[in-house]
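Undergrad: Okay, handing you the structure first.
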Amino acid sequence: MADTKTKPQWLKVTYDQTKVDRMNHLLDGLQLNTVCAEANCPNLGDCFGSGTASFMIMGPNCTRACRFCDVPHGKTAPIDLLEPLRVAQATQKLGLKHVVVTSVDRDDLPDLGATQFVNVIKEIRRLNPNTSIEVLTPDFQGRTELLDQVIAAKPDVFNHNMETVRSLTPKVRSRATYDTSLKVLQYVKAHAPKTTFVKTGIMLGLGETDPEVYQLMDDLRAIDVDFLTIGQYVQPSKKHYQLREWVPMARYQAYYQVAMAKGFKFVASSPLVRSSYKAKEELEAVDGK
Amino acid sequence: MLKEVHMPKLSPKSDEYFFGSWLKEPGDTVKTGDILFEVETDKVISEVQSQEDGVLKEQKVAEGDSTKVGDLVATIEVN
């Protein structure tokens, strides 16, 4: 196996304490979770430094224990009816032109959290009519009546992550299958308004092969997924899924070329790319906003 | 006036980092925004910027040390 102990030079980020402190101070008063902090995102300094964040609703604890993820698995909290308003107010306070809302998995709830997504979208739009909204959702166990609810709220971007190739999905994800996630994306693409872009993302460095990645791209293009993000997996701790490889930059570039040739509207492929990283710029690139 | 530089909290989930390398030596002029040093956290290598204009007076941490959030890392002579 390749050396995975030494971090490559491209895994380098700049940290401006003053700007990050200012953002933390703003967020502290809002009683909201960000996936930036909960997942210990390597881009936190960059995003907080430039005044953006991605909200993680219905958390901080998740009902699933995916082996790649740093979000804690544990006892869930009751749904907070004021959370939608607080997310909307935070969007306003931060002056976000594009907001990303994700969540923990809530398999404990009868609606798996779909209603809270809808309420958050509605509140953001009520207070921020010019802000574009991106949701990054769980698989809702593939239940189409729940997907219908979220689709009806008309997010600008509907993201659901495949996370990895077919063969590695059972090893990396918990209670999620490759086919359920594909079905979610297919259903959303087929039933959402044409104004909603459908997006997914994967991690590299888990042991996937080129043919498997290309097959995944083909599976996504067959159902007309619009955006694809590809980034490097960084193992959160020794307990998590073992990193197999720091994928060389050349392979990210090769995947970008192939994915664009296969017809995605937008592809972000680089080690530090995460689902919501530079999401605003992504939407602007295809939407002319 | 002498200003102290302390290790910032670079990762939401850990407070102890591996000190990578210095990019400024004692006697060097530093400006706000200049990279002072690199630290390896659990997920990334962070380049930490100076928050002051002045001259780096003293390095209090050596490359390869384990450092904690709040540790005194350096002093900067500020005009």
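The values are calculated or read from the model by the stated rules, or taken from the named source; none is laboratory data. Not measured: the values here are computed from a predicted model. Neighbour counts run over all protein chains shown; Cβ positions are idealised from the backbone, glycine included. Side chains included, ligands, DNA and RNA excluded: accessible areas come from the protein's heavy atoms. Shrake-Rupley method; radii C 1.70, N 1.55, O 1.52, S 1.80 Å.
Undergrad: Out of everything in segment B:50-69 that is in contact with a Lys or Arg (Cβ under 6 Å, 6 or more places away or on another chain) and open to solvent by 50 Å² or more (accessible area, probe 1.4 Å), what residue ends up being farthest from the other protein chains (Cβ to nearest Cβ)?
TA: Checking each candidate, the answer is B:D53.
Undergrad: Within segment B:1-31, how many residues are touching a strand residue (DSSP E or B) at 6+ places or on another chain (Cβ under 6 Å) and either of a type in the set (A, V, I, L, M) or not in a strand (DSSP E or B) (or both)?
TA: 10
Undergrad: Still on this structure, please answer the following. Only one of A:T34, A:T18 is within 30 Å of B:G33 (Cα to Cα), without any contact (Cβ under 8 Å) to a residue 60 or more places away in the chain and under 20 Å from the mean Cα position of the chain (by Cα). Can you tell me which?
TA: Sole residue among the options that is within 30 Å of B:G33 (Cα to Cα), without any contact (Cβ under 8 Å) to a residue 60 or more places away in the chain and under 20 Å from the mean Cα position of the chain (by Cα): A:T34.
Undergrad: Something else about it: Output the number of residues of segment A:2-21 satisfying the condition of being loosely packed, with under 14 Cβ neighbours inside 10 Å and more than 9 Å from every other protein chain (Cβ to nearest Cβ).
TA: Within segment A:2-21, residues that are loosely packed, with under 14 Cβ neighbours inside 10 Å and more than 9 Å from every other protein chain (Cβ to nearest Cβ) number 4.
Undergrad: If you go through segment B:19-29 one residue at a time, how many are within 12 Å of the chain's Cα centre (by Cα) and of a type outside the set (D, E, K, R)?
TA: Counting residues in segment B:19-29 that are within 12 Å of the chain's Cα centre (by Cα) and of a type outside the set (D, E, K, R) gives 5.
Undergrad: Taking the criterion of being closer than 19 Å to A:L216 by Cβ and assigned to a helix (DSSP H, G or I), would at least one residue in segment A:231-244 satisfy it?
TA: no
Undergrad: Further question: Scan segment A:144-161 for residues that are open to solvent by less than 20 Å² (accessible area, probe 1.4 Å) and in a helix (DSSP H, G or I) and jot them down.
TA: A:L146, A:L147, A:V150, A:I151, listed by residue number.
Undergrad: Which of the residues that make up segment A:201-224 are out of contact with any Phe, Trp or Tyr (no Cβ under 7 Å at 6 or more places or on another chain) and assigned to a loop (DSSP other than H, G, I, E, B)?
TA: Residues satisfying the conditions are A:G207, A:E208, A:T209, A:I223, A:D224.
Undergrad: Select, from A:A254, A:A222, A:A259, the only residue that is away from chain B (no Cβ under 14 Å) and exposed (fewer than 14 other Cβ atoms within 10 Å of the Cβ).
TA: The unique qualifying residue is A:A222.
Undergrad: Sticking with this structure for a sec: Can you name the condition, by its number, that A:S270 falls short on among (1) over 30 Å from A:P129 (Cβ atoms); (2) at pLDDT 95 or above?
TA: (2)
Undergrad: Take A:K199 and decide whether it is open to solvent by less than 10 Å² (accessible area, probe 1.4 Å), within 25 Å of A:L44 (Cα to Cα) and of a type in the set (D, E, K, R).
TA: Criteria met by A:K199.
Undergrad: OK, next. Given the conditions (1) open to solvent by 30 Å² or more (accessible area, probe 1.4 Å); (2) within 28 Å of B:S14 (Cα to Cα), and given that A:P271 satisfies all but one, which numbered condition is not satisfied?
TA: Evaluating A:P271 over (1) open to solvent by 30 Å² or more (accessible area, probe 1.4 Å); (2) within 28 Å of B:S14 (Cα to Cα) leaves (1) as the failure.
Undergrad: When the residues of segment A:164-199 are narrowed to those that are of a type in the set (D, E, K, R), in contact (Cβ under 8 Å) with a residue 40 or more places away in the chain and out of contact with any helix residue (DSSP H, G or I) (no Cβ under 6 Å at 6 or more places or on another chain), which ends up farthest from A:H98 (Cα to Cα)?
TA: A:K171
Undergrad: Going residue by residue through segment B:1-18, is there one that turns out to be among the aromatic types (F, W, Y) and at pLDDT 95 or above?
TA: No, segment B:1-18 contains no residue that is among the aromatic types (F, W, Y) and at pLDDT 95 or above.
Undergrad: Something else now. Considering every residue within segment A:198-219, establish whether at least one is in contact with an Asp or Glu (Cβ under 8 Å, 6 or more places away or on another chain) and at pLDDT below 95.
TA: For segment A:198-219, residues in contact with an Asp or Glu (Cβ under 8 Å, 6 or more places away or on another chain) and at pLDDT below 95: absent.
Undergrad: Within segment A:77-99, identify whether any single residue is within 14 Å of chain B (Cβ to nearest Cβ) and among the aliphatic types (A, V, I, L, M), and answer yes or no.
TA: No: segment A:77-99 contains no residue that is within 14 Å of chain B (Cβ to nearest Cβ) and among the aliphatic types (A, V, I, L, M).
Rundown of residues vs (1) under 20 Å from the mean Cα position of the chain (by Cα); (2) surrounded by fewer than 16 Cβ atoms within 10 Å (Cβ to Cβ); (3) closer than 24 Å to A:A190 by Cα; (4) modelled with pLDDT of 95 or more, yes/no style:
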position	(1), (2), (3), (4)
A:A77	no, yes, no, no
A:P84	yes, no, no, yes
A:L96	yes, no, no, no
A:F117	yes, no, yes, yes
A:P129	no, yes, no, yes
A:D139	yes, no, yes, yes
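Undergrad: Return a yes/no flag: does segment B:23-43 have any residue that is in contact with an Asp or Glu (Cβ under 9 Å, 6 or more places away or on another chain), farther than 30 Å from A:T4 by Cβ, at the interface with chain A (Cβ under 8 Å from one of its Cβ atoms) and open to solvent by less than 80 Å² (accessible area, probe 1.4 Å).
TA: Looking for residues that are in contact with an Asp or Glu (Cβ under 9 Å, 6 or more places away or on another chain), farther than 30 Å from A:T4 by Cβ, at the interface with chain A (Cβ under 8 Å from one of its Cβ atoms) and open to solvent by less than 80 Å² (accessible area, probe 1.4 Å), one finds at least one in segment B:23-43, hence yes.
Undergrad: Give the residue that is farthest from A:L94 (Cα to Cα), with candidates limited to residues of segment A:40-70 that are in a loop (DSSP other than H, G, I, E, B), open to solvent by 20 Å² or more (accessible area, probe 1.4 Å) and within 13 Å of chain B (Cβ to nearest Cβ).
TA: Among them, the one singled out is A:F68.
Undergrad: Residue check: is B:K13 surrounded by fewer than 20 Cβ atoms within 10 Å (Cβ to Cβ) and more than 10 Å from chain A (Cβ to nearest Cβ)?
TA: The answer is no for B:K13.
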